[in-house]
Each structure stands twice: as structure tokens, then as C-alpha cells.
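Asks: Sending over a structure as C-alpha cells; questions will come in a sec.
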Amino acid sequence: MSSVLQIKNVTKRFGAATAVDSLSLDVGAGEFLAIMGSSGSGKSTLLRMIAGLEQPSEGDILLNDVSTRGLAAHERDTPMVWQSLALFPFLNVLENVEFGLKMRGVAPAERRKRAMTWLERLEIERFAKRAITELSGGQRQRVALARSLVTEPPVLLLDEPLSALDAHLTMRMQSVLSGLQRELGITFVYVTHSHSEAFSMSDRVVIMSEGRIQQIGTPRDLYLRPVSRFVAEFLGANNIFSGEVREDHQGEKVLTTEDGPIRLPERAYSRALGERIELVVSSDRLVLTDGEAPNRLSGRLIGEEFIGAGVNLFLETGSGREIIIQVPQRELNDLSLTPGRSLTVGWLPDDGHVIESDDRFRHVS
Ligand code: ADP
Ligand code: MG
């Protein structure tokens with residue numbers, strides 16, 4: 001895959017504060033890249049630098065292999081869509097969408113035709129003559145998209161574009177966006193705070209913290225193989241066990257924990273005895289069990305949370321640790337969820353994933 005966007009060692013400082021810290025990233029042509037991270041981690045600053053709304057303090061950003069250094073926002077083909085849409089209130093819908101073409105000197109008949117095509121694609125052609133102020137939030141969002149896409153840019157930057165919409169509209173717009181992205185093959189760089197958006201729509205996800213990339217990978221990679229405790233906790237719904245590597249009496253490598261030994265995945269057998277590590281087990285890898293399981297833990301049921309496809313159960317073990325297990329809907333029927341009852345979870349050692357015990361990430365909860 002060729003890179004449409006290359007971010008090379010980019011740093012952005014505001015006074016003494018570093019918003020983006022020597023960050024490098026390649027985005028492939030046609031890729032849907034999601035960027036997540038806590039508030040203040042530098043996501044918007046990164047997007048604004050790509051758009052040309054801020055200049056990097058150091059480093060360079062290449063668009064189709066050409067440096068963007070010194071190019072103003074209107075001189076590069078990287079429109080940005082964000083929550084506060086910045087549509088022109090004094091222009092109607094069609095005029096807003098035509099704007100970018102007008103700036104490029106496209107003749108009136110031609111730009112009208114192209115703008116109308118985009119209004120149709122986004123199913124808002126009937127609002128062409130309406131004032132922006134007469135539109136709902138979802139309709140405005142579509143106008144903003146049409147306005148950004150009408151110039152057929154190689155990269156579209158989206159900064160939490162759906163965060164102001166209600167749940168129903170968000171779902172609709174998600175499918176509009178992923179449909180468009182697939183159909184047009186435009187590269188999307190999409191900042192979102194929603195796990196479900198990032199994980200359902202994107203090819204790769206970036207997790208940022210303090211101006212740096214903590215991890216980048218496919219949704220599946222990140223979910224199953226977080227590189228650090230920070231990423232594992234950021235993605236939530238993970239069980240993280242800390243302990244020391246030991247050998248049990250059968251010669252198997254185990255992790256000692258306050259709730260007893262846990263067998264390690266075979267991939268982790270190279271770990272030295274006595275090494276301190278952390279083991280992540282995703283909540284959907286645990287099963288409720290009555291009988292034998294290679295790894296087992298028991299706990300009291302202390303809470304439940306309904307999610308679309310089932311329920312997350314929260315257990316508290318003897319040592320006071322909380323375990324999260326995701327139970328599919330179909331298994332709930334024969335299960336009594338009386339608070340305080342004891343349940344046992346089991347999992348396969350190979351479903352565990354070892355991360356380094358790294359104190360750098362400890363301060364983030
Ligand atoms: P995010 O979008 O991830 O929430 P931002 O990129 O908006 O984070 O901000 C990253 C850091 O840079 C924050 O500490 C923020 O306060 C700071 N920052 C962003 N823009 C400016 C600015 N124009 N002037 C000063 N500080 C800024
Ligand atoms: Mg932001």
C-alpha cells in the first residue's frame with residue numbers, strides 16, 4: 001500500500017507545553033485510520049497540522065510524497081470536518097457545497113453540477129436552497145461532508161464529527177461515512193472518543209497519550225495484543241493480572257497472583273523465572289464454567305451491565321480483584337444473576353497476552 005500521508009518526526013509546542021511529541025506515522029492510500037486517546041493527548045493538534053491550520057515546530061508532513069511545509073490550509077487538499085461544523089451561515093446549502101470549487105476557479109455550471117451530485121450522494125438534494133440555520137444537526141453534518149468531499153481530496157480529516165449527534169443519528173452517519181469511504185477510496189483520518197466507532201469502521205487504530213503514539217494496529221491487534229498496560233486499560237474490558245513468573249509442579253510456567261497461579265500462554269514460556277509481568281485476558285475470552293478449565297478463578301457477582309450482544313458480569317475474587325466477563329445473550333437464559341452468588345470463570349492459557357510490567361504507564365488509570 002502506498003502512503004498518501006507521511007508524518008515524519010513531527011513535534012508541536014505551545015510555549016513550554018508539547019502537544020505532539022516527535023510523532024511519526026504513515027497512512028496508506030484508501031485507509032481508514034482512527035485516532036483515539038484521552039482528552040489533551042494531541043489528537044486535534046495533529047489533525048490541525050495535517051490540515052495546515054497549525055505549523056509543526058519540528059518535523060515534516062508529506063502529502064503524496066510532497067512536503068507541505070509552508071503551505072497554508074487552502075493550498076493543500078486536506079479538508080477537515082469537525083463537530084462545530086463551520087458552515088457559512090450566510091450561504092445556502094448548495095452555495096456552501098460549491099464554495100471549494102468556486103475558490104478553485106471552477107466555472108459556475110460545472111460547480112453546480114458537481115455540488116448537486118454530492119448533495120444527491122448524501123441524500124440532501126432536496127435541501128439545496130435551504131439556509132443552513134433551517135437544518136437539523138444530522139443534515140448539517142451531511143452538508144459539511146459534501147462541502148469537504150466535493151473537491152475529491154485524497155485525505156479527509158475528521159475530528160470527532162459525530163460527537164454532537166444523538167445515538168440514532170450517530171449510527172446512521174457512521175454507516176454513511178463508512179459507505180462513502182469504501183466507495184470513494186478516500187483516505188480517512190478520523191479522531192473519535194468512541195471505541196465502537198474506531199473499532200467497527202477503521203482499518204487501523206492509533207492510541208495516543210501525551211502527544212505520542214502508544215500503539216498502532218488493526219482493531220484486532222490492539223484488542224488482543226495491547227503492548228502496554230496503558231493501552232489495555234484504555235481499551236477497557238480487559239482483565240489484567242500482575243505477578244511473577246514461576247514454574248508449577250508439572251513444570252508449566254505460571255504467573256503467581258494473590259488468587260493463585262495462572263498458567264501462561266506458550267508464547268510466554270521464554271520468560272525468565274522471577275520476572276515480573278502482566279497478563280491481559282479479554283473479557284470475551286473468559287467463559288463461565290462448572291467443571292475443569294486450564295485456568296480458573298472464582299468470585300462473587302458484584303455487578304452487571306447490559307451491552308447489545310449480552311451482558312458484562314463483574315466478579316470480585318477472594319483477594320478483592322475485579323474480573324470482567326462478557327457473557328453472550330444466549331447463555332443468560334439458564335443463569336441466575338443473584339447478586340453475591342459465586343461464579344467460576346475459566347479460560348485457555350493461550351488466550352492470555354503478556355505485556356511488560358511498565359511503571360511509565362502506571363499513573364494513567
Ligand atoms: P486532544 O484533541 O487530544 O484533546 P489537543 O490537540 O486539542 O488534544 O491538545 C493537546 C495539548 O495542546 C493540550 O494540552 C492543549 O491544551 C494544548 N493546546 C492545543 N492547542 C493549543 C493552543 N492553540 N495554544 C496552547 N495550547 C494548546
Ligand atoms: Mg480534540
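The values are calculated or read from the model by the stated rules, or taken from the named source; none is laboratory data. Quick caveat, the model's predicted, so the values are computed rather than measured. Note: areas computed on protein heavy atoms with side chains; ligands, DNA, RNA excluded. Shrake-Rupley method; radii C 1.70, N 1.55, O 1.52, S 1.80 Å.
Asks: Not counting ligands, DNA or RNA, and with a 1.4 Å probe, what is Ile302's accessible surface area in Å² rounded to the nearest 10?
Replies: Ile302 exposes around 80 Å² with every protein chain in place.
Asks: Read phi for every residue in region 251-268 and hand back ³J(HN,Hα) as whole Hz from Karplus 6.51 cos²θ - 1.76 cosθ + 1.60, θ = phi - 60°, with x for Gly and Pro.
Replies: Result, rounded to whole Hz: x, 7, 6, 10, 9, 7, 9, 5, 9, x, x, 10, 6, 8, x, 4, 4, 9.
Asks: Next question. Keeping every protein chain present and rolling a 1.4 Å probe, give me the accessible area per residue for the chain in Å². Provide the component values of the computation, followed by the final result.
Replies: Numbers: 17410 Å² over 365 residues.
Per residue, the chain has 48 Å² of solvent-accessible surface.
Asks: Ignoring ligands, DNA and RNA, what percent of the accessible area of the chain is carbon or sulfur (1.4 Å)?
Replies: Details: 8390 of 17410 Å².
Answer for the chain is 48 percent, counting heavy atoms of protein chains only.
Asks: Of the lysine pairs in the chain, how many meet both conditions: Cα atoms under 18 Å apart, and a spacing of 8 or more in sequence or different chains? Let's see the in-between values first.
Replies: On the way: Lys8/Lys43; Lys12/Lys43; Lys102/Lys113; Lys102/Lys129; Lys113/Lys129.
The number of close lysine pairs in the chain is 5.
Asks: Return the percentage of antiparallel bridges among DSSP beta bridges fully within region 3-224, rounded to the nearest 5 %. It would help to have the intermediate numbers written out before the result.
Replies: Numbers: 21 of 38 bridges.
Once the DSSP bridges in region 3-224 are tallied, antiparallel ones form about 55 percent.
Asks: To continue, here is another question. How would Ser242, Ser270 rank on accessible area, largest to smallest, probe 1.4 Å? Before the final figure, lay out each step's value.
Replies: Working: Ser242 45, Ser270 105 Å².
The ranking, largest first, comes out as Ser270, Ser242.
Asks: Hey, what angle do you get for helix 93-103 against the long axis of the chain, alpha-carbon based, 0 to 90 degrees rounded to 10?
Replies: Roughly 80 degrees, rounded to the nearest 10.
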